[in-house]
Amino acid sequence: MFKSEKQPQSIDFLQPVYSPTDIWSNAYMWLTEVGKYLLIAVEVIVLGVFISRFVLDKKNNDLTEEVNSKVTLLSNDTWKKNTVLFDNYQSLLFDVQKIREGQEINSTAVSELINGVPSSLKIKNFSFTRGKVSFLFTANNLNAIKNYESALKSNTDYHDVRFTISKDSNEINVRATFSLYEEEE
Amino acid sequence: MEKKGLNTTEYIKIIKESPEKKKGYAFAIVTVVVAIALVVLAIRPTILTISRINKEIKEKERIDTALTQKISTLTELDKQYTEQKANFTSLKLIYPANANFSLLLANIESVVSRNGYALGSVGFDKYDKNENYKISAKYLVPWSLRVTVKGRVVNLINLLKDFEGMPMYPVVESVSYSSQVDKAGLTTFGINMRIYQIENSNFYE
């Protein structure tokens with residue numbers, strides 16, 4: 001015959017009616033009193049995350065497919081060729097703009113040099129090379145040479161002006177060399 | 001046996017050392033430990049996973065936007081290129097990619113004769129870069145063009161201006177002449193110009 005455990009009869013509130021003493025009974029008590037709420041809370045969080053993961057995974061997969069399809073489209077030979085071609089043209093147009101705006105035009109400088117020579121000096125030889133100018137003149141009098149020399153030396157566009165004068169039988173030979181100041185780009 | 005009566009001090013002692021209080025402490029410690037274990041072992045990994053997937057999604061969205069932008073730009077450029085194809089084709093002649101300066105030569109001949117000069121010789125050579133050349137272009141590389149022409153000094157400036165006015169943007173780098181004339185009374189001029197070409201032969205393909 002089963003006999004129910006006899007519960008102590010007491011009205012002592014400081015001593016609980018039933019208080020287990022072994023560890024397994026305490027663990028069971030804890031699980032039923034506190035642990036269940038913790039577990040439920042964790043299960044709720046995990047379940048929520050599990051469901052949201054379905055949604056996120058779907059979104060992730062859709063995006064992957066979309067990106068892959070676009071990459072495949074761009075990997076097409078025609079598209080690849082066009083990409084390179086357009087890039088080249090764009091760079092070329094930038095280059096053209098650079099040389100159009102960045103380089104100095106020398107025809108105007110040469111024009112000023114030749115037109116700046118007074119009529120009393122006859123050009124025997126002229127050479128303009130990357131801003132370096134060399135003239136060989138003949139003249140009948142020294143005044144014209146002196147005037148031209150001082151005109152060149154006072155012009156801020158020219159520097160390092162040098163004149164070499166030699167006298168022939170009837171004419172005076174003059175070699176003038178100088179440089180053009182190059183403007184900064 | 002006579003039951004001994006309890007005084008206040010003993011009651012307080014009973015309360016302080018009550019097994020219920022000990023059980024309460026034990027429950028609290030176990031609860032904290034289990035909570036930490038659940039946070040570390042269950043919640044943290046799931047949050048990390050979600051955050052990783054979110055990062056992946058953000059990255060893929062960024063890539064997707066960039067790719068969409070690229071496709072739309074290329075489509076637009078393709079449309080513009082088709083409309084302006086004739087102009088772009090002329091760029092091949094102006095800045096040749098295979099040293100084929102046929103348009104330049106045709107233009108030079110035309111400019112020279114228009115200014116009353118006769119073309120003596122034309123030669124191309126590698127450009128010797130100097131301190132005055134400061135342009136840093138990505139594809140256009142300078143090339144040297146040497147031209148000798150016969151004519152009169154009076155037309156020289158117009159000839160040089162016309163040379164520099166050609167669509168290839170050439171620059172006259174050197175000019176030389178002497179007062180010596182031939183039987184027809186014409187002077188020989190040596191003109192050196194900087195022109196441009198593209199070294200990559202597949203540039204336009």
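Every read-out reported here was derived from the displayed coordinates using simple, explicitly stated rules and does not represent laboratory data. None of these values were measured; they are calculated from a predicted model. Because the Cβ atoms are built from the backbone with ideal geometry, glycine has one as well, and the counts that use them run over all protein chains shown.
What shape does chain B have by the C-alpha gyration tensor, where a ≥ b ≥ c are the square roots of the eigenvalues, rounded means a/c under 1.5, and otherwise prolate means a/b greater than b/c and oblate the rest?
On the way: a/c = 8.39, a/b = 4.58, b/c = 1.83.
Here chain B falls in the prolate category.
Quick one: divide the alpha-carbon radius of gyration of segment A:98-185 by 2.2 N^0.38 Å and tell me what you get.
Cα Rg divided by the expected 2.2 N^0.38 Å: 1.18.
Rounded to the nearest 500 deg cm²/dmol, what is the calculated helix-only ellipticity per residue at 222 nm for chain A, with -39500 (n - 2.57) per DSSP H run of length n ≥ 4?
Numbers: 5 runs with 95 residues, N = 185.
Using -39500 (n - 2.57) per qualifying helix, the result is -17500 deg cm²/dmol.
Place a +1 charge on the Cβ of each Lys and Arg in segment B:1-152 and a -1 charge on the Cβ of each Asp and Glu, then give the dipole magnitude about the Cα centre in debye, rounded to the nearest 20.
Working: 25 positive and 15 negative charges, 72 e Å.
Roughly 340 debye for segment B:1-152.
Strictly greater than 20 Å: what percent of every Cα pair in segment A:18-128 meets that?
77
Could you state the angle between the C-alpha long axis of helix A:36-74 and the longest principal axis of the C-alpha atoms of chain A, as a value from 0 to 90 degrees rounded to the nearest 10?
Helix A:36-74 and the main axis of chain A meet at about 30 degrees.
State the dimensionless ratio Rg/Rh of chain A (Rg: radius of gyration of Cα atoms; Rh: Kirkwood radius).
Taking Rh as the inverse mean 1/r over Cα pairs, Rg/Rh reads 1.82.
When the dipole is taken about the Cα centre of segment B:94-198, and only Lys, Arg (+1) and Asp, Glu (-1) are charged at their Cβ, what size is it in debye, to the nearest 20?
40
Compute the acute angle (0 to 90°) between the alpha-carbon long axis of helix B:102-114 and the principal axis of greatest extent of the alpha-carbon atoms of chain B; round to the nearest 10°.
Relative to chain B, helix B:102-114 is tipped by roughly 40 degrees.
Exposure proxy check: A:TYR28, A:TYR148, B:TYR25 ranked by fewest other beta carbons within 10 Å?
Least crowded to most crowded, the residues run B:TYR25, A:TYR28, A:TYR148.
When all C-alpha to C-alpha distances in segment B:103-153 are sorted into bins of 10 Å, what percent of pairs does each bin hold, rounded to whole numbers?
20, 40, 29, 10
In Å, what Kirkwood hydrodynamic radius results for segment A:65-143 from the alpha-carbon pair distances?
Result for segment A:65-143, one decimal place: 18.0 Å.
When the Cα centres of segment A:124-183 and segment B:179-205 are compared, how far apart do they sit, in Å?
27
What is the order of B:VAL33, B:VAL181, B:VAL141, B:VAL149, fewest Cβ neighbours within 10 Å to most?
B:VAL33, B:VAL181, B:VAL141, B:VAL149
Return the Rg/Rh value of segment B:94-198, two decimal places, where both radii are evaluated on C-alpha atoms and Rh is the Kirkwood radius.
0.98
Could you give the semi-axes, largest first, of the ellipsoid that matches the protein assembly as shown, computed as the square roots of 5 times the alpha carbon gyration tensor eigenvalues and rounded to whole Å?
After diagonalising the Cα gyration tensor, the semi-axes are 102, 30, 12 Å.
Order these by the 10 Å Cβ neighbour count, fewest first: A:TRP24, A:TRP79, B:TRP143.
So the residues, fewest neighbours to most, are A:TRP24, A:TRP79, B:TRP143.
Which one of A:ALA109, A:PHE86, A:THR164 has its Cα pushed farthest toward the positive end of the charge dipole of the protein assembly as shown, where Lys and Arg give +1 and Asp and Glu give -1 at the Cβ?
With unit charges placed on the Cβ atoms, the residue in question is A:PHE86.
Treating only the Cβ of Lys, Arg, Asp and Glu as charged (+1, +1, -1, -1), what charge dipole size does segment A:95-155 show about its Cα centre? Round to the nearest 20 debye.
On the way: 8 positive and 5 negative charges, 49 e Å.
Value, rounded to 20: 240 debye.
First check a/c for segment B:1-83, with a ≥ b ≥ c the square roots of the eigenvalues of its C-alpha gyration tensor; if it is under 1.5, answer rounded, and if not, answer prolate when a/b is larger than b/c or oblate otherwise. Walk me through the intermediate numbers first.
On the way: a/c = 15.55, a/b = 7.86, b/c = 1.98.
Here segment B:1-83 falls in the prolate category.
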